[in-house]
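Written below as structure tokens is the structure these notes are about.
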């Protein structure tokens, strides 16, 4: 029978898992189906293996466990525990609000007093309420004639890494994974973040700049939902990987196609429409939770950029 792992994770800054909590969660699975269990990080991350022939069992089990653990700040996920499939060989990650904390267009909007207006458009696009390409064109158009030097100012003074990003990249790369940053944001930021963290490749949109100022246009073709999916499929094909060995993560509706196409699609602090359809969702933890989903223990983590 296929082997699965129930993975419980909490924020590393507030580890709150107890033996009582993990036993309550594990008890939802019939004892005859349970296999081994172990702490991946005491108080922070735990996994319990089980077997089942039932297809699509994960959503119902998660609901039962959420009920059993009501009130605890933790993420509950069920992933494959087949040894040959557990650790992913390809990571494709969104950048904004995933690998970095910020939405760069929103930060740029501060300089022209349009943060609230542009942030609202960003939020609606990420929730899937607006067409991504139309939304990015509208937001960039509002920044026409901004000094292009503000891009460097935003990167230097406002862009910060999501907690756990450096460890996620360093650990996966140390274990032979190929890591790609695929962003609906802009190459000015993506190139710098990719170099800083050690991504093997990056893809992003390009802002048109003329005379040292933003021209208010995004250069074609625009990298959106379908382009992110195509990037995942291209990397997978070039590496000769089966789907099960690929991971994709992001937070917005434009990430959903690649998240659903990956062997392990992770909605990271994502909009509800994304979290509802992803294989796994991390709402409370940081990016190191993506390592726990792959069966890494904390003592296997490799320190990366900060």
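The values are calculated or read from the model by the stated rules, or taken from the named source; none is laboratory data. Keep in mind that this is a model prediction, so the values were computed, not measured. Using ideal geometry, Cβ is built from the backbone for each residue, glycine included, and neighbour counts are taken over all protein chains shown.
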(request) Inspect segment 208-222 for any residue being more than 11 Å from residue 92 (Cβ to Cβ), modelled with pLDDT of 95 or more, in contact with a helix residue (DSSP H, G or I) (Cβ under 7 Å, 6 or more places away or on another chain) and buried (at least 21 other Cβ atoms within 10 Å of the Cβ) and give the result as yes or no. (result) no
(message) I want to confirm something. Restricting to segment 19-40 and keeping residues that are over 21 Å from the mean Cα position of the chain (by Cα) and closer than 17 Å to residue 297 by Cα, which single residue is surrounded by the most Cβ atoms within 10 Å (Cβ to Cβ)?
(response) 22
(message) All but one of (1) touching a residue at least 40 places away in the same chain (Cβ under 8 Å); (2) touching a strand residue (DSSP E or B) at 6+ places or on another chain (Cβ under 8 Å); (3) part of a helix (DSSP H, G or I) hold for residue 24; state the number of the condition that does not hold.
(response) (2)
(message) Name the residue that is modelled with the lowest pLDDT, counting only residues in segment 279-294 that are surrounded by fewer than 24 Cβ atoms within 10 Å (Cβ to Cβ) and under 14 Å from residue 58 (Cβ atoms).
(response) 279
(request) Report those helices (runs of 4 or more DSSP H) wholly inside segment 39-130 carrying at least 2 residues which are at pLDDT below 90 and in contact with a strand residue (DSSP E or B) (Cβ under 9 Å, 6 or more places away or on another chain). (result) 58-68
(request) Give just the number: which of (1) touching a residue at least 40 places away in the same chain (Cβ under 8 Å); (2) over 20 Å from residue 81 (Cβ atoms) does residue 263 not satisfy? (result) (2)
(message) Restricting to segment 188-232, name every residue that is over 24 Å from residue 165 (Cβ atoms) and in contact (Cβ under 8 Å) with a residue 12 or more places away in the chain.
(response) 209, 212, 213, 214, 215, 216, 217, 218, 219, 222, 226
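Results for (1) closer than 29 Å to residue 257 by Cα; (2) in contact with a helix residue (DSSP H, G or I) (Cβ under 6 Å, 6 or more places away or on another chain); (3) loosely packed, with under 15 Cβ neighbours inside 10 Å, shown as yes or no for each residue.
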residue	(1), (2), (3)
111	no, yes, yes
115	yes, yes, no
121	yes, yes, no
129	yes, no, yes
141	yes, no, yes
144	no, no, yes
149	no, no, yes
159	yes, no, no
